[in-house]
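Student: Below is the structure I would like to discuss, written out as C-alpha cells.
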Amino acid sequence: MRTVLREYKTPKKVYVRLIAYGLPLTLISFLVALYGGSLPELLFGTIGTVFFGGCLIAAIIRLFSKTPELILYKEGIYSFQTGYIPWTNIHRADIRTQMIGGNAFVELYLRDRRAYMKTRPLLARIIAYGNRMIGHQYASISMALIYDSSGPGIVYAIHSVCPDVETPLSLLRDDPSDSSR
C-alpha cells in the first residue's frame, strides 16, 4: 500500500470545457478527412481527427475518474500523463516552459527509461516518444491541468518528499508554493 503525501485535483468543469472544445474540433477534422478532395485535406483531417479525438477521449475518461491528476507518494509519483514512477527511477526534476502558449511542464529525468517504457500501455509509450520528439523528457507532466500549484511548487514538493531527486537550486531557495510573502 502506497502512502499518499499530497494530491493535486483538477475541477470537473475543466474537463467539461475540454470536451466542449474537443467535440467540434474532432467532428470538423473528421469531416475534412472524409469530404476533403485533396491529399493535404485528407492528411490534415486525419491527423486532426486522431489528435483531437484522442484528447476528447482522455478528457471524457478524466471527467469520470476519481483519481487526482497528480499524486506524490512516499514511494514515488503518479500522474495521469506518466503513470506511476518510483522515486528510485527519477534522478532529476526540472521545469520547462513552452515557447508557444507559455505552458509549463515538470520534466522527470529517468534513470532507466527502458524499465519505465516497459510498464506503459501502448498509447502512453506513443505519448512518451512524442514528448521526446518535441524536446521533452519521456516523463513530462503538463501543468495545464494541475490546479492549486505551479511547476516550481511541484518540483519543490518532489524534492521535499525525496531529497535524492536532483533539482535546480533556484527552485529550492524558497518554497514557491508559499503565498504568505
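The values are calculated or read from the model by the stated rules, or taken from the named source; none is laboratory data. Keep in mind that this is a model prediction, so the values were computed, not measured. All Cβ positions, glycine included, derive from the backbone under ideal geometry; neighbour counts span all protein chains shown. Just the protein is used for accessible areas: all its heavy atoms, side chains included, with ligands, DNA and RNA removed. Shrake-Rupley method; radii C 1.70, N 1.55, O 1.52, S 1.80 Å.
Student: So which residues in the range 111-129 are within 10 Å of THR82 (Cβ to Cβ) and either hydrophobic (A, V, I, L, M, F, W, C) or touching a His at 6+ places or on another chain (Cβ under 6 Å) (or both), if there are any at all?
Tutor: Across the range 111-129, the qualifying residues are ALA124, ILE127, ALA128.
Student: Taking the condition more than 17 Å from ARG2 (Cβ to Cβ), touching a helix residue (DSSP H, G or I) at 6+ places or on another chain (Cβ under 6 Å) and at pLDDT 85 or above, does ASP175 pass?
Tutor: It is false that ASP175 is more than 17 Å from ARG2 (Cβ to Cβ), touching a helix residue (DSSP H, G or I) at 6+ places or on another chain (Cβ under 6 Å) and at pLDDT 85 or above.
Student: Quick one: in the range 114-134, of everything that is of a type outside the set (A, V, I, L, M, F, W, C) and part of a loop (DSSP other than H, G, I, E, B), which residue is farthest from GLU166 (Cα to Cα)?
Tutor: Ranking the qualifying residues of the range 114-134, first place goes to PRO121.
To keep it simple, each residue is scored yes or no on (1) closer than 30 Å to ILE77 by Cβ; (2) modelled with pLDDT under 95.
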| residue | (1), (2) |
| --- | --- |
| TYR8 | yes, yes |
| PRO11 | yes, yes |
| LEU18 | yes, yes |
| LEU23 | no, no |
| ILE28 | no, no |
| ALA33 | no, yes |
| GLY36 | no, yes |
| GLU41 | no, yes |
| GLY45 | no, yes |
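Student: Let me ask you something else. In the range 49-107, how many are β-branched (Val, Ile, Thr) and surrounded by 15 or more Cβ atoms within 10 Å (Cβ to Cβ)?
Tutor: Number satisfying all stated conditions: 9.
Student: I'd like to verify a number: residues in the range 130-169 that are open to solvent by 30 Å² or more (accessible area, probe 1.4 Å), over 17 Å from TYR84 (Cβ atoms), more than 19 Å from the chain's Cα centre (by Cα) and touching a residue at least 60 places away in the same chain (Cβ under 8 Å), how many?
Tutor: Total satisfying the criteria: 2.
Student: Still on this structure, I have one more. Considering only the range 22-46, state which residues are under 30 Å from PRO11 (Cβ atoms) and open to solvent by 90 Å² or more (accessible area, probe 1.4 Å).
Tutor: LEU23, LEU27, ILE28, PHE30 - these are the residues of the range 22-46 that are under 30 Å from PRO11 (Cβ atoms) and open to solvent by 90 Å² or more (accessible area, probe 1.4 Å).
Student: Right, next: Could you check the range 1-21 and list, in sequence order, the residues that are surrounded by 16 or more Cβ atoms within 10 Å (Cβ to Cβ) and in a loop (DSSP other than H, G, I, E, B)?
Tutor: Result: THR10, single match.
Student: Any idea which of (1) in contact with a strand residue (DSSP E or B) (Cβ under 9 Å, 6 or more places away or on another chain); (2) at pLDDT 85 or above; (3) assigned to a helix (DSSP H, G or I) is the one GLN137 doesn't satisfy?
Tutor: (3)
Student: Go through the range 86-129 and count every residue that is aliphatic (A, V, I, L, M) and under 13 Å from the mean Cα position of the chain (by Cα).
Tutor: The total comes to 7.
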